[in-house]
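Worksheet for the structure shown next.
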Amino acid sequence: MASVELDKIRKSYGNTAVLHGIDLGIQDGEFCVFVGPSGCGKSTLLRMIAGLEDITEGELRLGGKRVNEVPAAQRGLAMVFQSYALYPHMSVRQNLAFGLENMHTPKAEITSRVEGAAKMLQIDPLLERKPRQLSGGQRQRVAIGRAVVREPSVFLFDEPLSNLDAELRVQMRVEIASLHQRLGNTMIYVTHDQVEAMTMADRIVVLRLGIVEQVGAPLDLYNTPANRFVAGFIGSPRMNFLEGTIQRLDADTAHIEVEGLSDVRVHIDTGQCKTGEQVTLGVRPEHIRLVKESEGSARAVVATTEQLGSDSYLYCDLPQGQRMIIHHPGQTDIKAKNHIHLAFDPEHSRLFRRDDTGAVIPRRAG
Ligand code: ADP
């Protein structure tokens, strides 16, 4: 097992820089997820850790030792790919054993590791089959098994569930998380799916355009996003955003003017902003209440509803056309075209600067 440290890591392809100085420490045994939109550089970063891409600048350390120049096969890592990358002409047993045979592992040891991993991943009845005789989920289990038998210090996963259907993805998510519980290895997992990141990670690294936007435990990112990008990326359905201006500052409350709305308040550290400042108001769907007209900040017309049984989502439009999503616990009688009145929770609403950083305006400490 090993820690992974990235020290000012940069990557360029020719003159194009794609990673702009990544600093990150991943602890021994941690489940760390790299998440971000397509093209942000997460696969490149993982492939650099794996040794499949050169590091343009900076230092990569595994277990405290620099490994920039160490070939992939000697880093003690195992990678699981989205495409499974199984050998089609070999049986499951041969696929699992192949890497160990190449390393001249003794035969009895290979048998015991292959059968142990197959049992753990519940593919033991399939050992004599060929990959084409397996379902997508079974193939991905074999690909994971091939990593498990190598007993790597670090597991690397590159979008391993993207080719599976929704139900199987949920099942495999749980299986990979319990594999981590059982083995306790360091795992680094790349995905563009923030739900996978939220449900599997000890710590999430949010990347955008080759830089780290924020690192933290899933709920820390959800509750205290550093900026508008992270706030919008983490959470499903996503946070609602409205453009506004700070109209007045009281002790711990900013009063925000948003076109078409009244009495919008947010609790923040009022020393960190000024009257007249342009801001973006962010409110999560579960922090909007349906209220009587006299108590509301906004009138809205329901465009459509989603009834999931345990929860409902109302998609509605404000007078200026802004679309809002509201979470309603349980079931609802509200229907499309209904008029409703909304109140935003001042404690859980967030304000972001309307500049290039989109940084959150902090709340008062304590
Ligand atoms: P992600 O995994 O987040 O979708 P990638 O790491 O695959 O992103 O890619 C990051 C950026 O690097 C993208 O803009 C991509 O086009 C570019 N890139 C990736 N591989 C190469 C390559 N071999 N040559 C040139 N550009 C590349």
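For the reader, a short list of remarks on this structure follows.
- Centre separation in Å (Cα based) which lies between the stretch 198-257 and the stretch 313-354: 18 Å
- The alpha carbon gyration tensor of the stretch 103-189 gives principal lengths a ≥ b ≥ c with a/c of 1.5 or higher and a/b no greater than b/c, which makes the shape oblate.
- Counting only lysines at least 8 places from Lys337 when in the same chain, those with an alpha carbon closer than 22 Å to its own are Lys292.
- Computed from Cα atoms, the angle from the helix 136-149 axis to the main principal axis of the chain rounds to 60 degrees.
- Total formal charge among the other residues, if their Cβ is under 12 angstrom from that of Gln181, Lys/Arg +1 and Asp/Glu -1: -1
- Using the 1.4 Å probe convention, the accessible area of the stretch 65-217 works out to 47 Å² per residue with neighbouring protein chains retained.
- Nearby aspartates and glutamates by direct alpha-carbon distance to Lys335 (threshold 14 angstrom, same-chain neighbours under 8 apart not counted): Glu306, Asp317
- Straight-line cross-link partners of Lys11 among the lysines, defined as a Cα under 16 Å from its Cα and at least 8 positions apart when in the same chain: Lys42.
- Carbon/sulfur fraction of accessible area - the stretch 155-221, other protein chains in place, 1.4 Å, %: 52 percent
- Look at where the Cα atoms of the stretch 81-145 and of the stretch 259-283 average out, and the two centres are 57 Å apart.
- Contact order relative to length of the stretch 35-163, as percent, for alpha carbon pairs under 8 angstrom and 6 or more apart: 34 percent
- Global form of the stretch 199-342, assessed from the alpha-carbon gyration tensor, a/c cut-off 1.5: oblate
- Rg/Rh, computed from the Cα trace of the chain with Rh as the Kirkwood radius, has the value 1.06.
- Residues of the stretch 248-366: accessible area per residue with a 1.4 Å probe, Å²: 53 Å²
- Accessible area of the stretch 240-330 belonging to carbon and sulfur atoms, whole % at 1.4 Å probe: 43 percent
- Under the criterion of Cα pairs below 8 Å and six or more residues apart, the relative contact order for the chain equals 15 percent.
The values are calculated or read from the model by the stated rules, or taken from the named source; none is laboratory data. Owing to the predicted nature of the structure, the values given are computational and were not obtained by experimental measurement. Every residue, glycine among them, receives a Cβ derived from its backbone with ideal geometry; neighbour counts consider all protein chains shown. Please note that ligands, DNA and RNA were not included when accessible areas were found on the heavy atoms of the full protein model with its side chains. Shrake-Rupley method; radii C 1.70, N 1.55, O 1.52, S 1.80 Å.
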